[in-house]
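Computed from the coordinates by the stated procedures, all read-outs in this text should not be read as laboratory data. In this text, all values refer to a predicted model and were calculated from it rather than measured experimentally. Quick reminder, even Gly has a Cβ in these numbers, built from the backbone with ideal geometry, and neighbours come from all protein chains shown.
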């Protein structure tokens, strides 16, 4: 069984039709007091764990979503229930809100973000033994350094395999913690910059990870999956349009896990990740896209000229 950990969040997305720079006086940056009137607003489900889980739900892949949410999770829960996603592992903090992001973009795509961790700060108290065994695979996704490191230590102690996705916490953790997370992981995943940063920080990275499966997502160039014996290039899937790239990596992870759970080889699983990612970039929200398994397999065959039975 797949155990998906990471953040659950609501994102509030706003568009400002002008340019932030037109309203910021350089000589008064020490005393800013501004209000921006926005012309577009949307509330969307988000969070790295939620995004991965959403893709797994679309692909009808059994898994357990394991994270903390707040007293406003009911709406999120109802939407996921429609996809048959198991949210019994989501812990509810009744005295706080689900993690919430506030984003405002101007016409030049400059962004101002505010993020409230909310209930997700309690992820460090999650007990992985309550949902996982040695036969399972845990995704240790972004959820703050304390939450990720706690789950890593628990997986190591209990001998539970995990995929380490340290991208968002690389600026928060010490090299000793990064090294420990990498050393005991079964899978390591990150984008090209994040993998290079890990290699730079951990001088024995290649030796430390020689028996691991390392996945480097390369955006529009596809992905690379490396094992001790071979390197697999994953050709990208052409999207019908590019609306936004936020959430594409989470969708890739969901597609990849859906392939692993079905017993497919790494090449096929990686290609499933690429197909899932192509759908995500066609919409602004990280969970605004939708497809059926039939539509998914059709796009898979169109790109890779191979039938996919899911």
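Please report the relative contact order for region 10-113, taking Cα pairs under 8 Å with a sequence separation of at least 6, and give it as a percent rounded to a whole number.
It rounds to 37 percent for region 10-113.
Once you put a point 7 Å from the Cα of residue 146 and another 7 Å from the Cα of residue 302, both along the Cβ direction, what distance in nm separates them?
4.7
Could you give me the radius of gyration and the Dmax of region 135-186, taking only the C-alpha atoms into account and expressing both in angstrom?
Spelled out, the Cα radius of gyration and Dmax of region 135-186 are 9.9, 32 Å.
Report, in degrees rounded to the nearest 10, the 0 to 90 angle that the Cα long axis of helix 145-158 makes with the longest principal axis of the chain.
The answer is roughly 20 degrees.
For the ranges 23-30, 253-260, what's the packing order if you count other beta-carbon atoms within 10 Å of each residue, average per peptide, and put the highest first?
The densest-packed peptide leads the list: 253-260, 23-30.
Which angle from 0 to 90°, rounded to the nearest 10, does the C-alpha axis of helix 48-58 make with the longest principal axis of the chain?
60
Please find the FRET efficiency linking residue 74 to residue 113, where r is the Cβ-Cβ separation and R0 is fixed at 30 Å, and quote it to the nearest 0.05.
E(calc), rounded to 0.05, equals 0.75.
Springs between alpha-carbon atoms under 10 Å, Gaussian network over the chain: tell me which of 195, 32, 214 tops the mean-square fluctuations.
Between 195, 32, 214, it is 32 that shows the largest mean-square fluctuation.
Can you tell me which of 161, 17, 62 moves the most in a GNM of the chain? Springs connect C-alpha atoms under 10 Å apart.
17
What's the Kirkwood radius of region 38-189 in Å, using all Cα pairs?
One over the average 1/r among Cα pairs gives 16.6 Å for region 38-189.
In the Gaussian network model of the chain, springs joining C-alpha atoms below 10 Å, which of 89, 114, 47 carries the largest mean-square fluctuation?
114
Could you work out, for the chain, what percent of all Cα-Cα pairs fall into each 20 Å distance bin, beginning at 0 Å and stopping at the bin that holds the largest distance?
Result returned by the calculation: 32, 58, 10, 0.
Sort 127-139, 228-240 by the packing proxy (mean of other Cβ within 10 Å over each peptide's residues), most packed first.
For the peptides 127-139, 228-240, the packing ranking is 127-139, 228-240.
So, in nm, how far is label residue 200 from label residue 184 when the simple model puts each one 7 Å beyond its Cα toward the Cβ?
2.8
If the chain between residue 265 and residue 14 were fully stretched, how many nm would it gain, using 0.36 nm times the residue separation less the Cα-Cα distance?
86.2 nm
Note the full-extension length gain between residue 172 and residue 218 as 0.36 nm times their separation in residues minus their Cα-Cα distance, in nm to one decimal.
14.2 nm
Let me have the relative contact order for the chain, percent, based on Cα pairs under 8 Å that are six or more residues apart.
Relative CO of the chain lands at 16 percent.
Compute the length gained on full extension between residue 124 and residue 82: take 0.36 nm times their separation in residues and subtract their Cα-Cα distance, giving the result in nm to one decimal.
Here the segment from residue 124 to residue 82 would lengthen by 12.2 nm.
Give me the one-decimal Kirkwood hydrodynamic radius in Å for region 71-130, with the sum taken over alpha-carbon pairs.
About 13.8 Å for region 71-130.
Can you give me the Kirkwood hydrodynamic radius for region 173-310, using every pair of distinct Cα atoms, in Å to one decimal?
With all distinct Cα pairs of region 173-310 included, I get 15.7 Å.
May I ask for the angle, rounded to the nearest 10°, between helix 293-304 and the longest principal axis of the chain, with both axes built from Cα atoms and the value confined to 0 to 90°?
The angle comes out at about 80 degrees.
Which value, to two decimals, describes the C-alpha radius of gyration of region 23-111 once divided by 2.2 N^0.38 Å?
Region 23-111 yields a ratio of 1.50.
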